[in-house]
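Colleague: The structure's right below; bear with me while I get my questions together.
Just so you know, all these numbers are worked out from the coordinates, no wet-lab data involved. What you see is a predicted model; the values in this text were computed from it and never measured. Glycine also receives a Cβ, built like all others from the backbone with ideal geometry; neighbour counts cover every protein chain displayed.
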Amino acid sequence: MPANHLLFLFASTVLPASVVTSNQPMTHNQRVAVWIGTGLAAVALYLLGCWIFPFANCTKCAGSGKSRAPRGKAFRNCRRCKGTGRRRRVGTVLLDHRAARKASRKH
């Protein structure tokens with residue numbers, strides 16, 4: 001899908017109908033506003049997802065929590081996730097860091 005079609009799709013959800021349906025093309029400032037608004041909405045949705053689902057599968061063991069021996073017969077706990085099979089998402093780390101800073105200011 002060409003970028004102009006994507007821009008029109010995003011613009012139709014953000015900008016008033018009179019701006020989107022006019023025969024004149026959008027101005028540079030309107031395009032920038034649409035892209036910034038879309039980016040902020042994407043970041044907000046990602047942080048909401050991190051708040052609801054703070055953990056993801058460990059990338060080293062694919063969520064199993066086990067690390068196989070080179071011959072494949074024996075296994076041990078994954079070093080990276082310590083056998084849990086989960087890792088904290090980047091957004092969760094940012095949210096927790098922000099909450100910790102707020103708590104330290106109160107004291």
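Colleague: Among 38-48, 82-92, how do they line up by average Cβ neighbours within 10 Å per residue, starting with the highest?
Modeller: Ranking the peptides 38-48, 82-92 by packing returns 82-92, 38-48.
Colleague: May I ask you to derive the FRET efficiency for Val32 and Asp96 from their Cβ-Cβ distance with R0 = 30 Å, giving the value to the nearest 0.05?
Modeller: It comes out at approximately 0.40.
Colleague: Further question on the same structure: Starting at the first residue of the range 61-73, write each ³J(HN,Hα) from the Karplus equation 6.51 cos²θ - 1.76 cosθ + 1.60 with θ = phi - 60°, in whole Hz, x for Gly and Pro.
Modeller: Along the range 61-73, the couplings run 9, 6, x, 7, x, 10, 10, 7, 6, x, 7, x, 8 Hz.
Colleague: Work out the FRET efficiency for Phe55 and Arg105 from their Cβ-Cβ distance, taking R0 = 35 Å, and round it to the nearest 0.05.
Modeller: Once the sixth-power term is evaluated, E becomes 0.80.
Colleague: For Gly63, list long-range residues whose amide hydrogen, built 1.01 Å from N in the peptide plane, is under 5 Å from its own amide hydrogen.
Modeller: Residues meeting the criterion, in which the H sits 1.01 Å from N, are Cys58.
Colleague: If you take the beta carbon distance between Asn77 and Val43 as r and set R0 to 30 Å, what does 1/(1 + (r/R0)^6) give as a FRET efficiency, to the nearest 0.05?
Modeller: 0.30
Colleague: Using θ = phi - 60° and the Karplus relation 6.51 cos²θ - 1.76 cosθ + 1.60, list the HN-Hα couplings for the range 97-104 in order, rounded to whole Hz, with x at every Gly or Pro.
Modeller: 5, 5, 5, 5, 5, 5, 5, 6
Colleague: Taking amide H atoms as placed 1.01 Å from N in the peptide plane, list the residues 5 or more away in sequence, or in a different chain, whose amide H sits under 5 Å from that of Phe75.
Modeller: Under 5 Å from the amide H of Phe75 lie the amide H atoms of Ala69, each far enough along the sequence or on another chain.
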